[in-house]
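The values are calculated or read from the model by the stated rules, or taken from the named source; none is laboratory data. Predicted, not measured: the structure shown is a model, and the values here were computed from it. Positions of Cβ are generated from backbone atoms using ideal geometry, with glycine treated the same way; all protein chains shown enter the neighbour counts.
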Amino acid sequence: MLHGFGRYAPPAEASHQAYGAIYGIVLKQSSLLAFVDNFRILGYICLLCIPLVLFVFRKVVARGGASAMH
């Protein structure tokens, strides 16, 4: 990567630009992985809530249906 930046800038500045480019790539990758992790965790939470909703709905139906809620 340093050779690519070396064509347009002095070696010291090209080195800084190369490190900056690598740092930007690492930040993008870490942000994407954090997003994927959060999306997966929220998916698991939603899947775990499905039985809870079904359990609560059964209790309401056993008490007398929708008229018991009003």
Inset, instruction - State whether one or more residues within the stretch 3-12 are more than 23 Å from the chain's Cα centre (by Cα), modelled with pLDDT of 90 or more and surrounded by 11 or more Cβ atoms within 10 Å (Cβ to Cβ). - result: no
Inset, instruction - Please find, among Phe35, Phe55, the residue that is part of a helix (DSSP H, G or I), surrounded by fewer than 10 Cβ atoms within 10 Å (Cβ to Cβ), at pLDDT 80 or above and of a type outside the set (A, V, I, L, M). - result: Phe55
